[in-house]
1. Would you check if I162 is in the same structural domain as I11 (by TED's automatic domain parsing), surrounded by 11 or more Cβ atoms within 10 Å (Cβ to Cβ), farther than 17 Å from A5 by Cα and at pLDDT 95 or above?
2. Suppose the filter is loosely packed, with under 12 Cβ neighbours inside 10 Å and among the polar types (S, T, N, Q); does Q134 pass it?
3. Identify all residues within the range 156-199 that are aromatic (F, W, Y) and over 18 Å from V98 (Cβ atoms); write none if there are none.
4. Going residue by residue through the range 186-207, is there one that turns out to be of a type in the set (S, T, Y), at pLDDT below 85 and either out of contact with any Lys or Arg (no Cβ under 8 Å at 6 or more places or on another chain) or not assigned by TED's automatic domain parsing to the domain that holds L128 (or both)?
5. In the range 3-41, which residue that is of a type in the set (G, A, S) and at pLDDT 85 or above is nearest to G139 (Cα to Cα)?
6. Looking at V114, is it assigned to a loop (DSSP other than H, G, I, E, B), within 30 Å of H212 (Cβ to Cβ) and either in contact with a strand residue (DSSP E or B) (Cβ under 9 Å, 6 or more places away or on another chain) or at pLDDT 85 or above (or both)?
7. (1) surrounded by 13 or more Cβ atoms within 10 Å (Cβ to Cβ); (2) touching a Gly at 6+ places or on another chain (Cβ under 8 Å): which one isn't true of E122, the others all being true?
8. Can you tell me how many residues within the range 214-257 are in a loop (DSSP other than H, G, I, E, B), surrounded by 10 or more Cβ atoms within 10 Å (Cβ to Cβ) and modelled with pLDDT of 65 or more?
Amino acid sequence: MAARAYWQGQIRLALVSIPVEIYPAVKSGAAISFRQIHEPSGKPIQYEKVVQGVGPVDRDEILKGYEVSKGNYVLLEEDEIEAVKLESKRTLELVQFVEADAIDVLYYEKPYYVVPADELAEEAYVVLREALRQARKVGIGQLSVRGREQLVSLKPCGNGLILEVLRYADEVNAATSYFRSIGKSKADPELLDLASSLIERKSAPFDASEFHDRYVDALHRLIDKKVKAKGKRVIEEVDEPGAKSGASVIDLMAALKASVEGKASAQSKTRAASPRYRTKKTRAAAAPPARRKRSAG
């Protein structure tokens with residue numbers, strides 16, 4: 001089944017319009033959802049719309065309300081809400097361009113793939129992609145979807161373009177309120193060198209496929225065991241955390257040194273065990289003793 005476009009329209013840059021289609025770049029992961037079950041009957045729990053002091057009510061009697069003060073609501077009809085929704089514009093106008101690293105990571109919310117709608121749009125699409133790449137800029141605009149306006153950015157991604165929905169300023173908490181109490185003193189140079197060395201040793205290209213949600217994996221194993229046990233209770237074996245040492249203060253210097261030295265020691269042992277890293281002396285000692293030739297006669 002072909003993927004369904006999230007949005008169809010055109011990207012406008014001055015007098016140039018590029019027909020495009022936008023598709024979700026991410027999907028829900030391996031999360032496990034649960035239903036509440038009535039144990040005696042084994043049936044799922046249903047939910048009723050209930051008013052305190054009144055009881056169950058019909059869906060037709062329900063309106064949307066906005067709480068203006070404690071217990072006081074402004075009631076809105078569905079057609080009143082529909083009337084103020086923005087007309088679903090089919091144009092994403094790029095109104096500003098910023099440096100590629102100018103947008104803080106806190107503002108990024110969700111990515112989408114942008115593809116040309118047809119072969120005729122491809123030429124202009126490629127020109128825009130390469131212009132953004134060459135300038136190292138990100139396009140900014142607002143996309144109208146389902147009655148709401150989303151702040152979005154547009155940037156090159158491989159052979160295509162990627163659109164990312166951004167959060168508005170009032171959706172992001174200021175970091176200063178959380179980091180205010182952290183001191184401004186500089187890090188100890190020796191500790192910094194050790195930490196930098198450890199980071200360097202553990203550096204590697206990022207590959208998302210190497211990481212898994214271990215909690216979800218454990219839930220799957222538990223569910224499989226329950227299925228095999230035909231519903232009987234199964235106790236998962238959980239590794240208990242090690243007992244805490246009496247020292248409440250960690251010697252950061254010792255911990256960092258041990259981490260760096262332990263890594264170096266492991267690498268040294270690996271090299272020593274490999275024939276590739278054996279010295280002539282080591283190889284000679286490891287070689288079997290030569291047989292003596294028997295003398296004639």
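1. Numbers: in the same structural domain as I11 (by TED's automatic domain parsing): yes; surrounded by 11 or more Cβ atoms within 10 Å (Cβ to Cβ): yes; farther than 17 Å from A5 by Cα: no; at pLDDT 95 or above: yes.
In short, no.
2. Values: loosely packed, with under 12 Cβ neighbours inside 10 Å: yes; among the polar types (S, T, N, Q): yes.
Answer is yes for this residue.
3. Just the residues of the range 156-199 that are aromatic (F, W, Y), to begin with: 168, 178-179.
The answer is Y178, F179.
4. So the first thing to find is which residues in the range 186-207 are of a type in the set (S, T, Y), and the list is 196-197, 203.
From what is left, the residues that are at pLDDT below 85 are none.
Scanning the range 186-207, I find no residue that is of a type in the set (S, T, Y), at pLDDT below 85 and either out of contact with any Lys or Arg (no Cβ under 8 Å at 6 or more places or on another chain) or not assigned by TED's automatic domain parsing to the domain that holds L128 (or both), so the answer is no.
5. At the first step, the residues of the range 3-41 found to be of a type in the set (G, A, S) are 3, 5, 9, 14, 17, 25, 28-31, 33, 41.
Narrowing the set further to residues that are at pLDDT 85 or above leaves 5, 9, 17, 25, 41.
On the way: A5: 21, G9: 17, S17: 14, A25: 18, S41: 57 Å.
Only one residue tops the list, namely S17.
6. Working: assigned to a loop (DSSP other than H, G, I, E, B): no; within 30 Å of H212 (Cβ to Cβ): yes; either in contact with a strand residue (DSSP E or B) (Cβ under 9 Å, 6 or more places away or on another chain) or at pLDDT 85 or above (or both): yes.
So V114 does not fit the description; no.
7. Result: E122 passes all but (2).
8. If we filter the range 214-257 for residues that are in a loop (DSSP other than H, G, I, E, B), which is where we start, we get 229-251.
Filter again for surrounded by 10 or more Cβ atoms within 10 Å (Cβ to Cβ), leaving 229, 234, 251.
Now narrow it down to the ones that are modelled with pLDDT of 65 or more: 229, 251.
Result for the range 214-257: 2.
The values are calculated or read from the model by the stated rules, or taken from the named source; none is laboratory data. The structure presented is a predicted model; accordingly, all values stated were derived computationally and were not measured. Cβ coordinates were reconstructed from backbone atoms using ideal geometry, including for glycine residues, and neighbour counts include every protein chain displayed.
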